[in-house]
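Just below is one structure, and these are the notes that go with it.
The values are calculated or read from the model by the stated rules, or taken from the named source; none is laboratory data. Predicted model only: the values in this text are computed from it and were never measured. Glycine also receives a Cβ, built like all others from the backbone with ideal geometry; neighbour counts cover every protein chain displayed.
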Amino acid sequence: MKNILILFFTVVIFSNCQQSSIDELHAQNQILDSNKVIEPLDFHPEINKMVTRILSRYHYKKIDLNDSLSSIIFDNYIKSLDYNKSYFLKSDIDEFSKYRYELDEDLYLGKLLPAYQIFNTYKTRMNERIKYALSRLDEEFDFTIDESYKIDRENEDWLSTTEELNELWRKKLKHEALNLKLTGKEWENIKETLTNRYKNYHRAILQYKSEEVFQLYLNSFADAIDPHSNYLAPITSENFNIRMKLSLEGIGATLRNDNEYTKVVSIVPGGPAFKADNIHEDDLITGVGQGADADLVDVIGWRIDDVVQLIRGDKGTTVKLSVLRAANGINSTPDTITIVRDKVKLEEQAAQKKIITIREKETDFNLGVIEIPSFYVDFEAKRKGEVDYRSTTRDVKKLVDELKEEKVDGIIIDLRNNGGGALDEAVELTGLFIKEGPVVQVRQSSGAVNVEEDPDPEIAYDGPLAVIVNRYSASASEIFSGAIQDYGRGLVLGEQTYGKGTVQNLIGLDRFVPSAGDKSGQLKLTIAKYYRINGSSTQNLGVVPDIPFPSAIDPGEYGESSQPSALKWDQIETSKYQKYGDLTKVIPQLLEKHQERILREPEFNYLMEDIQQYKETKNKVDFSLNEKVRRQERDEQEAKRKAREEAREKLNGIEIIDKKEVSKKTLKVEDPFLEESGHILADLLLFSQG
């Protein structure tokens, strides 16, 4: 079977190159011309035509590049430049609208002037906004006035006049100034911070090169087809290749832009951030410093690539981060943390085991837990024929054998936050728990369906089994958990998974556009789709657990189903397979006991309150600009958080003398989701015993 790597997620903070200084990053020593017009390079039209041809002919989804798609591309491009409607005027959008239904023809012809004209207008408006911001900061704000600022303007109308934009930006600046004032900063320091913030942001925009504008435009096209097809400009392509090799240095985190903030999407298992355990999913990075004692550089409003450049660095060096906690929202005081950069080693991402003891009905059950951070394989060692090459399946097989020797009563496979990996490993790992049969179906764009089967007739473990997943479980994780569920081989517990059921291929464009040489970049193209053996696609829907756990994540806001251009869920013929059992008969009873248990479990009640608080914080878009109101909101939130911590400490028998000297890891309670999974598996064992 061909090795296929299931590609997933966005920008990961890794590097094998020399750390860039801030001076280098912003090129302080070069003259930046605010009025410079950016134009396409000579070879860009040819690359444009080739990318259009490939996407139109060979993408899995057969597309019709017409006026309807042109309109979506137009909206994508405008949003990529001004997502919050804070720069362009309505008159600009009206002027650009003449291109709305012409971009389909422009793409075929390699006509790029409309895209560059829109960008150059954006740059002009950005210059105007920065000029206003810097002049407005000469005067201190009055924080006693009752007014508010809406941070999310995606669904608002475009503003018509410069005066309206000035008013919007006055409130925006006042909101940012109040955030800083609430951290204890005086006006002069606030003014200096915001002035530097907008000067740095201005400088970053002025450094946009033609290749970056070209990439923005082509990805507005690619994203209109599906979210995992992308054009990678040369520098982006180089960074992507570095990430995929895993000989990497950095903090080990996946980031993306969220409004003007840098948001943590996931933490790479085994990486420095994972080990430090001081930054987590959905946290917002607001500042970066080079070293534990270095000053923090404010990065609010920065491009994601520029933030990545600052966070990257050599093994053994320290990066300092200012972080807003997801649970506390942007109204909170940021924490300052440090992480020592290091390489992310394969063995640190390897599967690991532990045994937990669960007491149910006055009986102790010893359950083995195998955590699988990713579906990995040492491709190079395997290709060379090395006998002891590392892989997920080989490592898990050893752990299963050890757990059997220790006579565990059941096994839990933990796939939470596992974003995928090698397809072969998902298939072979499933084979450890079934004797034989199909595992996944792969449908090509031609309509041909290949069925990947368990290659090993042996079964490593036939005892009670449960699989835990969450919204960050994707691709190969969904193939494995879906197969276990379809065979009736074990229970699937947790959250609905991500829903990425597509596979991509990387195409180097240099051979198609020789005139561009090594400046052609690459195209990541969706070429196939995955289906479970029951015929259901994992695309968009993901895997729905047999017993769902409380979740703060709305599938409509994160995951494949949140992407407007995501390929749709569909179904093909069922594979021929023999089920191992029918767990649907006991699931209602297990679900009833689960719900009864979490209602009386204090930690789950805390979690439910945390989830509700997180949702309220996340959905808050209007913020008061009155200092007294904001301080009261912050103090109430802080008091609630402290009361929760004290209650948890009392619950767990922890006596804290000085909270400031105790790390978050020390205060962290046991994993309630894993514990509850153990109770559910114990219930299943009791039911099977009558």
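Taken over region 88-114, the criterion of being touching a residue at least 40 places away in the same chain (Cβ under 8 Å), touching an Asp or Glu at 6+ places or on another chain (Cβ under 8 Å) and surrounded by 16 or more Cβ atoms within 10 Å (Cβ to Cβ) is satisfied by PHE88, GLY110, LYS111, LEU112. Within region 547-577, the set of residues being β-branched (Val, Ile, Thr), touching a Gly at 6+ places or on another chain (Cβ under 6 Å) and closer than 13 Å to GLU495 by Cβ is empty. Going through (1) part of a loop (DSSP other than H, G, I, E, B); (2) in contact with a strand residue (DSSP E or B) (Cβ under 9 Å, 6 or more places away or on another chain) one by one, GLN485 falls short only on (1). Only a single item in (1) modelled with pLDDT under 85; (2) not in a loop (DSSP other than H, G, I, E, B) is not met by GLU212, and it is number (1).
Matching residues to (1) touching a Leu at 6+ places or on another chain (Cβ under 7 Å); (2) under 30 Å from TYR58 (Cα atoms):
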position	(1), (2)
GLY410	yes, no
ALA422	yes, yes
GLU428	no, yes
GLY431	no, no
ILE434	no, no
VAL439	no, yes
ASN450	no, yes
TYR461	yes, no
PRO464	yes, no
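I'd like the residue in region 399-425 that is assigned to a helix (DSSP H, G or I) and without any contact (Cβ under 8 Å) to a residue 60 or more places away in the chain and, out of all such residues, is farthest from VAL439 (Cα to Cα). Restricting to residues being assigned to a helix (DSSP H, G or I) and without any contact (Cβ under 8 Å) to a residue 60 or more places away in the chain, the top hit is GLU405. Tallying residues that are under 25 Å from ARG203 (Cα atoms) and surrounded by fewer than 19 Cβ atoms within 10 Å (Cβ to Cβ) within region 131-152 yields 10.
Results for (1) under 30 Å from PHE687 (Cβ atoms); (2) free of Cβ contacts under 8 Å to residues at least 12 places away in the same chain; (3) part of a loop (DSSP other than H, G, I, E, B); (4) under 25 Å from the mean Cα position of the chain (by Cα), shown as yes or no for each residue.
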| site | (1), (2), (3), (4) |
| --- | --- |
| LEU525 | no, no, no, yes |
| ASN540 | no, no, yes, yes |
| VAL544 | yes, no, yes, yes |
| SER551 | yes, no, yes, yes |
| SER561 | no, no, no, yes |
| TRP569 | no, no, yes, yes |
| GLU573 | no, no, yes, no |
| TYR577 | yes, no, yes, no |
| GLU592 | yes, yes, no, no |
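Of all residues in region 165-187, those being within 21 Å of VAL323 (Cα to Cα), surrounded by fewer than 16 Cβ atoms within 10 Å (Cβ to Cβ) and either of a type in the set (D, E, K, R) or without any contact (Cβ under 8 Å) to a residue 40 or more places away in the chain (or both) number 3.
One line per residue, one yes/no per condition, for (1) assigned by TED's automatic domain parsing to the domain that holds ILE412; (2) at pLDDT 90 or above; (3) in a loop (DSSP other than H, G, I, E, B); (4) of a type outside the set (A, V, I, L, M, F, W, C):
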residue	(1), (2), (3), (4)
GLU603	no, no, no, yes
MET608	no, no, no, no
LYS628	no, yes, no, yes
GLU646	no, no, no, yes
ALA682	no, yes, no, no
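Selection of first residues in region 473-502 that are modelled with pLDDT of 95 or more and surrounded by 24 or more Cβ atoms within 10 Å (Cβ to Cβ) and of second residues that are part of a helix (DSSP H, G or I) and of a type in the set (Phe, Trp, Tyr), restricted to Cβ pairs under 9 Å at least 6 apart or on distinct chains, gives the following pairs, ordered by first then second residue: LEU493/PHE673; GLY494/PHE673. The residue that is nearest to the chain's Cα centre (by Cα), counting only those in region 436-458 that are surrounded by 14 or more Cβ atoms within 10 Å (Cβ to Cβ) and part of a loop (DSSP other than H, G, I, E, B), is SER445. From the list ALA326, ALA381, exactly one residue is under 18 Å from VAL264 (Cα atoms) and either assigned by TED's automatic domain parsing to the domain that holds ASP258 or out of contact with any helix residue (DSSP H, G or I) (no Cβ under 8 Å at 6 or more places or on another chain) (or both). Which is it? Unique residue meeting the criteria: ALA326. Given the structure, is LYS320 among the basic types (Lys, Arg), modelled with pLDDT of 85 or more, crowded, with 19+ Cβ neighbours inside 10 Å and in a strand (DSSP E or B)? So LYS320 fits the description; yes.
Is there a residue in region 463-470 that is in contact with an Asp or Glu (Cβ under 6 Å, 6 or more places away or on another chain), at negative phi and surrounded by fewer than 21 Cβ atoms within 10 Å (Cβ to Cβ)? Looking through region 463-470, none of the residues is in contact with an Asp or Glu (Cβ under 6 Å, 6 or more places away or on another chain), at negative phi and surrounded by fewer than 21 Cβ atoms within 10 Å (Cβ to Cβ). When region 323-346 is filtered for residues that are modelled with pLDDT under 80, under 18 Å from LYS181 (Cα atoms) and not β-branched (Val, Ile, Thr), the ones remaining, listed by number, are ASN328, GLY329, ASN331, SER332.
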